[in-house]
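Before any comments, here is the structure.
Rule-based calculations on the coordinates, nothing more; no lab input. Note that the coordinates shown come from a computational prediction; the quantities given were computed from them, not determined experimentally. Using ideal geometry, Cβ is built from the backbone for each residue, glycine included, and neighbour counts are taken over all protein chains shown.
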């Protein structure tokens with residue numbers, strides 16, 4: 001029998017607190033699409049995505065209707081294209097990005113991830129070609145997302161890759177300057193990238209994954225905030241318990257949708273990613289959760305502790321709710337996609353340096369941050385190096401997704417549109433890191449990487 | 001398969017009658033009804049057997065939504081598993 005209170009609580013969470021499934025992401029291996037002829041390789045890629053993902057959007061919509069749970073995005077992630085395209089002798093991979101874009105259009109999904117390379121220890125021929133193709137590929141396509149993994153705890157930091165990515169981000173921004181550099185919003189530089197992340201822009205189908213898999217990303221900052229509003233003033237034990245219980249419910253919903261999608265599509269279920277993913281709309285903000293905990297503004301002293309507790313409690317609640325939790329799982333802190341973060345930057349409460357500190361305890365990293373358009377490639381590279389170091393030393397995933405706003409200066413507002421939101425250009429340290437970046441080579445793996 | 005119909009809004013004459021008419025036309029059997037007031041809003045929860053329906057689930061969902069718009073209430077139907085999975089171990 002159904003309990004009325006439970007029914008009403010669920011409906012409130014969905015209707016008032018904007019609880020939703022953020023994404024159903026189908027991971028597709030393209031390893032069998034390798035071909036020495038690039039055109040044939042692209043045809044195989046297109047056909048395979050077409051075949052496997054043809055019902056993805058339809059099934060997503062069906063589940064949404066039957067269960068009454070909004071499913072915001074349907075997406076596809078594919079094997080890192082550098083590994084597939086390098087079977088051909090083509091030197092520029094832009095056409096591969098165009099094929100992915102076309103396949104995404106045809107499947108009706110809003111993003112396709114996997115224009116990616118894993119270069120944490122070094123570049124293969126295909127990796128170099130792919131990375132050099134990123135600026136043109138991202139500015140000439142709409143739905144393709146790209147990621148590059150430049151460091152891992154086991155391998156250390158590939159500083160040549162870090163330096164190159166500084167230049168790539170800069171030139172991606174320049175090539176899409178008419179759209180406020182929004183192509184950079186589709187590019188993530190990772191340390192310790194995960195293979196089963198369903199969230200964009202960093203999703204790719206890892207090399208250890210199977211043929212095809214369904215991963216689901218839940219969300220629900222609003223539901224967590226609504227729950228902790230009810231325990232205002234209570235101590236941290238009560239606060240942690242409340243967050244855990246809500247995260248449990250959110251993840252159970254994700255698990256149900258993931259199982260259902262997997263069975264209807266006849267594709268194995270991979271993981272549920274229990275991330276708190278904010279949107280620019282009111283009531284869907286991670287910053288507001290931190291403020292509800294008792295901080296006047298997100299970014300003030302205490303913010304890192306509040307975020308650490310939130311991130312941990314979300315994981316603990318979610319872990320029990322799903323048989324397989326994976327992806328990034330935790331709290332995202334993108335600036336332009338979170339109304340509370342935007343406000344905190346505007347009023348001077350949240351600085352770039354504080355965001356960096358917060359990435360030590362959040363689930364990913366420096367995300368959706370607009371920086372001055374005249375920021376040098378070396379400074380961008382140094383930001384990536386800092387972020388990678390945090391990931392490598394702490395054994396966690398970190399990432400950099402920043403947007404040099406060409407022609408704009410500190411405090412100017414940059415619009416990216418839709419779920420990507422808008423944000424003020426943030427101030428960076430004005431002193432140079434150029435000689436540090438120029439050194440090149442690799443930063444060795446930390447001592448605790450030797451665990452065997 | 002069982003589903004839950006929820007009606008939220010201002011209380012008025014004929015709510016149950018309008019909804020049960022649609023359910024009976026679709027051959028969906030009402031198993032239980034309960035109603036309560038939440039934040040001054042009338043809330044009704046119906047537990048319905050939808051296994052032997054003569055229309056698709058989505059069709060019934062559309063009919064109920066349309067009926068809700070006509071009488072000015074928020075009416076929805078959801079598979080019962082969503083509630084069970086979220087609140088019970």
For residues of A:55-64, the mean tally of beta carbons on other chains within 10 Å
1
Under the definition of Cα pairs under 8 Å and six or more residues apart, what whole-number percent is the relative contact order of region B:2-87?
42
Normalising by the residue count of chain A, find the relative contact order in percent from Cα pairs under 8 Å and 6+ residues apart.
17
For residues of A:66-73, the mean tally of beta carbons on other chains within 10 Å
4
Computed helical MRE - 222 nm, the protein assembly as shown, DSSP H runs ≥ 4 contributing -39500 (n - 2.57), nearest 500:
-13000 deg cm²/dmol
Once the Cα gyration tensor of chain B is diagonalised, semi-axes √(5λ) in Å
19, 18, 11
How long are the three semi-axes of the equivalent ellipsoid of region A:55-105, in whole Å, if each is the root of 5 times an eigenvalue of the C-alpha gyration tensor, listed from largest down?
33, 10, 7
Taking the Cα atoms of region A:11-85, what is the range of coordinates along each of the three principal axes, in descending order and whole Å?
55, 20, 14
Please work out the FRET efficiency for the pair residue B:69 and residue B:37, using the Cβ-Cβ distance as r and a Förster radius of 22 Å; give the result to the nearest 0.05.
0.50
Counting residues in region A:346-413 as N, plug N into 2.2 N^0.38 Å and put the Cα Rg over that result.
1.13
Over all directions, the average projected area of the alpha-carbon convex hull for region A:27-191 comes to how many nm²?
10.3
Of every Cα-Cα pair in region A:216-439, the percent that sits beyond 28 Å:
32
Rounded to a whole number, the mean other protein chain Cβ count within 10 angstrom for residues of B:50-63 is 1
Full extension from residue A:324 to residue A:432: what is 0.36 nm times the residue separation minus their Cα-Cα distance, to one decimal in nm?
34.4 nm
For the pair residue B:55 and residue A:301, the simple spin-label estimate (label points 7 Å beyond Cα toward Cβ) gives in nm 6.3
The protein assembly as shown: antiparallel DSSP beta bridges as a percent of all, rounded to 5
55
Given region A:27-191, what percent of its DSSP beta bridges are antiparallel, to the nearest 5?
10
At the level of C-alpha centres, the distance separating region A:177-227 and region A:422-452, in angstrom, is 22
For region A:269-300 and region A:51-89, distance of Cα centres in Å
26
Given Cα pairs under 8 Å that are at least 6 residues apart, what percent is the relative contact order of region A:216-439?
20
Please sort A:62-75, B:55-68 by packing, taking for each peptide the average over its residues of neighbouring beta carbons within 10 angstrom, highest first.
A:62-75, B:55-68
Among the DSSP beta bridges whose two residues both lie in region A:216-439, what percent are antiparallel, rounded to the nearest 5?
20
Rg/Rh (Cα only; Kirkwood hydrodynamic radius) as it applies to the protein assembly as shown:
1.00
